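Written below as structure tokens is the structure these notes are about.
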Amino acid sequence: MYSVSAVLYATIVALFAHMQLGSTLLHSDKRYCAALMARKNSLVKQAQAVTAKFKATCQNPNPKSCKEILGNNQEAKSGVYTIVTNIGDVQVYCEMEIGGGGFTFLPRSAIKADSKLDISSLFTDTAKVLLRIKEKNGRQPFTTVQQIAKYSSTPLAVQINSHAGFKRPQNINMGPYVYLGFLPASVASARSKQGFISNNRPFTFTNCDRNPNSYFSFFSNPNHVAPSPYRANTNHHAHWRSTWQPFSKLMPSEYFFFTESHFGGCGGYSSSNQWTRASGTAIGMR
């Protein structure tokens, strides 16, 4: 990695020398100088990209999260990085631009039935998570979700293959999953105003029957199990979809999961097999 960067810088130095000589011999040929300048600018950008990657991966060879990578190198770009976890190295996708960056996305391959993956170093900002949505037209908009104001002091919960304290997901038979819980069942069972915020826009409902659903769940579904036939109103999904924001950079498909969301007691249920516009979601933690 270092040798590549050194070669690029050496090339740039050589180009500057060549430009000085060229401007002396062919000072009247503006096209010659313009071509050299364009080539120089291209190489500078390449050198900067290589240097940023070098700082992110070589100067900090054992990062535990994308937040740590970004903290050590503010020039780190979004992309696939290797982090060290309690179960070994894992290739994650790091989002370094949206919402201040530092979000870690786990691939489906890391979510296994017998996984003992500890995500405590990945999820320290329990106030919000970043979701990327895989639309059927190839686009991947995003939303940042968090608690409504009434429950802003209640931390979000992210668990692997567990929903301790929360309502069981409908598609549990799909196998390994990541669980994003908003309100614990003991709180969500009240006939109270509940919901979540998506890209700063609140979706709320009043729990009408004390059914304590308050979660998103993300299934890797390695055995291609058919989705649950469960149906309910999809009001919250229509609202959530309207808040998605476009984003041009794309993530690899291995970071997207079959997704289920369920709220209430009159908040609504939806799963990605029911969606007309999208097919799955990726969850980023920071």
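The values are calculated or read from the model by the stated rules, or taken from the named source; none is laboratory data. Predicted model only: the values in this text are computed from it and were never measured. Neighbour counts are summed over all protein chains in view; Cβ atoms, including those assigned to glycine, are modelled from backbone coordinates with ideal geometry. Heavy atoms of the whole protein, side chains included, go into the accessibility calculation; ligands, DNA and RNA do not. Shrake-Rupley method; radii C 1.70, N 1.55, O 1.52, S 1.80 Å.
For segment 28-47, state whether one or more residues are of a type in the set (Val, Ile, Thr), open to solvent by 30 Å² or more (accessible area, probe 1.4 Å) and either out of contact with any helix residue (DSSP H, G or I) (no Cβ under 7 Å at 6 or more places or on another chain) or at pLDDT 65 or above (or both).
yes
When Pro212 is tested against (1) of a type outside the set (Ser, Thr, Tyr); (2) within 19 Å of the chain's Cα centre (by Cα); (3) within 14 Å of Gly267 (Cβ to Cβ), only condition (2) is not met. Pull up segment 100-139, narrow it to residues that are outside any strand (DSSP E or B), open to solvent by less than 20 Å² (accessible area, probe 1.4 Å) and in contact with a Lys or Arg (Cβ under 9 Å, 6 or more places away or on another chain), then point me to the one that is nearest to Asn161 (Cα to Cα). Ranking the qualifying residues of segment 100-139, first place goes to Leu122. Tell me yes or no: at least one residue of segment 205-212 is of a type in the set (A, V, I, L, M, F, W, C), part of a strand (DSSP E or B) and either crowded, with 19+ Cβ neighbours inside 10 Å or in contact (Cβ under 8 Å) with a residue 24 or more places away in the chain (or both). Within segment 205-212 (the criterion being of a type in the set (A, V, I, L, M, F, W, C), part of a strand (DSSP E or B) and either crowded, with 19+ Cβ neighbours inside 10 Å or in contact (Cβ under 8 Å) with a residue 24 or more places away in the chain (or both)), the answer is yes, since at least one residue qualifies.
Looking across segment 221-262, just one residue is in a helix (DSSP H, G or I), surrounded by 14 or more Cβ atoms within 10 Å (Cβ to Cβ) and among the hydrophobic types (A, V, I, L, M, F, W, C), and that is Trp240.
Can you find a residue in segment 195-207 that is touching a His at 6+ places or on another chain (Cβ under 6 Å) and on the phi < 0 side of the Ramachandran plot? Yes, segment 195-207 contains a residue that is touching a His at 6+ places or on another chain (Cβ under 6 Å) and on the phi < 0 side of the Ramachandran plot. For segment 94-107, the count of residues that are modelled with pLDDT of 65 or more and more than 25 Å from Leu250 (Cβ to Cβ) is zero.
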